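Everything on this sheet refers to the single structure shown next.
The values are calculated or read from the model by the stated rules, or taken from the named source; none is laboratory data. What you are looking at is a predicted structure, and each value in this text was computed from that prediction instead of being measured. Reconstructed Cβ throughout: ideal geometry from the backbone, glycine too, with neighbour counts over all protein chains shown. Ligands, DNA and RNA are excluded from the accessible area calculation, which covers all protein heavy atoms including side chains. Shrake-Rupley method; radii C 1.70, N 1.55, O 1.52, S 1.80 Å.
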Amino acid sequence: MSGSAAAVAAGVPPAGADRGHPPGGGDGGAVAQATEAELLALCRRVRDQASPGEYVEVVAARNEGTSVKVHGGEVESLTASVTASLGIRVVVDGRAGFAHAGSLADDVVAETLAQARENVAFAEVDPFLTLATPDGVEVVAQPALRNNLVAAIAVDSKVDRALELERRTLDLDPRVTGVRVASYSDGWGSSALCSTNDIEVASSGSHCAAATQPLVVADGQTQIGVGWDATRDPELLDLAEIAADGVERATRLLGAVQPSSGRLPIMLEPRLAATLWGIVAGMLSGEAIVKGRSPFADRVGEVVAASGFTLLDDPTDPAGLGAEEFDGEGLACRRNVLIDGGTLSGYLHNSTTAHRMGVASNACAVRGSRSLPGAGAVALAMMPGSGTPEQLRAPLGEALLVNSFTGLHSGVNPTSGDFSVGGDGLMIRNGELAEPVRELTLASTIQRLMSGVIAIGGELERLPSGSSMPWVVIDDVSIGGS
């Protein structure tokens, strides 16, 4: 299982959050290997206490991280955290008991195992419940996960980065009157998983991130922007670019008005494409399918999107921040095509959802804090097309460049696919960016949005969320305004 998958299983932040290994001087990789070995040894000790008829799965993780927030040229908060987490799942006769703890102390480990065993009695029988079993798929090694580059950064340097980001943000535009907060954070840790089904895996990883929230004022209007990025390599964290992105997002909506209602093409930058297609991935989860809560149930082999639309989950891509070696049940990650040229190819399965549907798991088990493994995407990606954002925009007579979605949780029906959310953005007129607009509603269905894709950009953007997405143009979307 990957560092983040195991960490989440035990209640530790996911990929792109506090993942990696504790600093200890010397070579980062050597520290990671030692920590992984310790965690594996602990997991084995617990697993080997399984009684006859018990199936046991144990996840353990250690994480350490730093967070710096600054305001007005002063440090507002500086925190350093060290966490240890444990998750134990016991399965007996189709019943699963799960228990979680925030310590790896011997007495806590023993108590957690006892609690997991007790919880079996309160669970309902699921004849399809199963732990993962090795399936022979080879692991795609991800050496970068074990390069703990953030451990060598002194705390003073982390503070300096946050202060520099604030200064850069303030200096970019005279309309920037302040920065609500500028921050730097990083994390590193290791995790391991063992089970009575002969699963024994471990991994490590690290990350760093920075963010700024500029406040701009002009002509009596106030706007707040957000610029942020995350990476494994601190040298790739471009503070100038983060500051410029935040200021541009704040200033471009100054003077925004409500647009006229109509039906227009919309243009989505990669981060919003990731948001939209992430909703689709949720509808393709094996859990949603088996519960009948998806518009894509029983539609494998059918055309569900435009012909140029290919969506996949690919944790084996080392360029993405979602790169992983193992899923949340310890199976080797693999490249899974979900929609191929507009045709639905399959779903995201963990071992239990796959068993229920009579197929094999495709290593899409994901875990949330204090929970049993679900099924979902780890590193969602859309295959690119061709063209720059300017080239995609050029043929659009009138369209909307969406700046943000609002109300996604209440505005999208995951069962029917109905889509009605708020938003703001910039009008496009004759291929050029025009006036900013706000207080609008975007209405359609997920199915129509997928079928309405008319252009896909030629370059993937590797997003902090772990997704890899291009720019996208979608035709004929209802815009509700004045």
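Structure above, values below:
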{"quantity": "For region 163-203 versus region 208-268, the gap between their alpha-carbon centres in whole angstrom", "calculated": "18 Å"}
{"quantity": "Carbon + sulfur, % of accessible area of region 358-482 - ligands and nucleic acids excluded, 1.4 Å", "calculated": "50 percent"}
{"quantity": "0 to 90° range, to nearest 10: angle between helix 28-47 axis and the chain longest Cα axis", "calculated": "50 degrees"}
{"quantity": "Between 0 and 90°, nearest 10: helix 239-251 axis offset from the chain longest Cα axis", "calculated": "50 degrees"}
{"quantity": "Per-residue SASA entry for L170, accessible area with 1.4 Å probe, Å² rounded to 10", "calculated": "70 Å²"}
{"quantity": "Charge dipole (debye, nearest 20) of region 83-223; +1 at Cβ of Lys and Arg, -1 at Cβ of Asp and Glu", "calculated": "460 debye"}
{"quantity": "Unit charges at the beta carbon, dipole of the chain: most positive-side option, G480, G286, C208", "calculated": "G480"}
{"quantity": "Estimated [θ] at 222 nm from DSSP helical runs (n ≥ 4, -39500 (n - 2.57)) normalised by residues in the chain, nearest 500", "calculated": "-7000 deg cm²/dmol"}
{"quantity": "Accessible surface, region 96-186, averaged per residue in Å² (probe 1.4 Å)", "calculated": "53 Å²"}
{"quantity": "Inter-site label distance for I454 and Q115 at 7 Å from Cα along Cβ, in nm", "calculated": "5.6 nm"}
{"quantity": "Local electrostatic count at L396 - Lys and Arg +1, Asp and Glu -1, tallied over other residues with Cβ under 13 Å", "calculated": "-3"}
{"quantity": "For region 370-438: accessible area per residue (Å², 1.4 Å)", "calculated": "45 Å²"}
{"quantity": "Cysteines, the chain, no other Cys beta-carbon under 4.7 Å", "calculated": "C208, C333, C364"}
{"quantity": "Förster-model FRET efficiency, 51 Å R0, D106 and K291, C-beta, rounded to 0.05", "calculated": "0.80"}
{"quantity": "The chain - percent relative contact order, Cα under 8 Å, separation 6 or more", "calculated": "17 percent"}
{"quantity": "FRET E, pair S51, E138, Förster distance 35 Å, beta-carbon r, rounded to 0.05", "calculated": "0.60"}
{"quantity": "Most to least accessible of K291, K69, K158 (protein chains only, probe 1.4 Å)", "calculated": "K291, K69, K158"}
{"quantity": "Nearest-10 value in Å² for the accessible area of D198, using the 1.4 Å probe", "calculated": "130 Å²"}
{"quantity": "Pairwise centroid distance, computed over Cα atoms, of region 443-459 with region 294-314, Å", "calculated": "12 Å"}
{"quantity": "Placed amide H near L440: partners under 5 Å, 5+ positions off or other chain", "calculated": "G423"}
{"quantity": "Within region 276-366, GluC sites (Glu not before Pro) in DSSP loop having at most 13 other beta-carbon neighbours inside 10 Å", "calculated": "E302"}
{"quantity": "Loop-located GluC sites (Glu not before Pro) in region 70-152, at most 11 other Cβ atoms within 10 Å (DSSP)", "calculated": "E124, E138"}
{"quantity": "Two-site label geometry, E76 and Q258: point separation in nm, points 7 Å out along Cα→Cβ", "calculated": "3.2 nm"}
{"quantity": "Contour excess over end-to-end distance, with Cα ends at D418 and R271 and 0.36 nm allotted per residue", "calculated": "50.8 nm"}
{"quantity": "Inter-site label distance for T406 and N430 at 7 Å from Cα along Cβ, in nm", "calculated": "3.2 nm"}
{"quantity": "The chain - charge dipole about Cα centre, Lys and Arg +1 at Cβ, Asp and Glu -1, debye rounded to 20", "calculated": "740 debye"}
{"quantity": "Loop-located GluC sites (Glu not before Pro) in region 418-482, at most 14 other Cβ atoms within 10 Å (DSSP)", "calculated": "E459"}
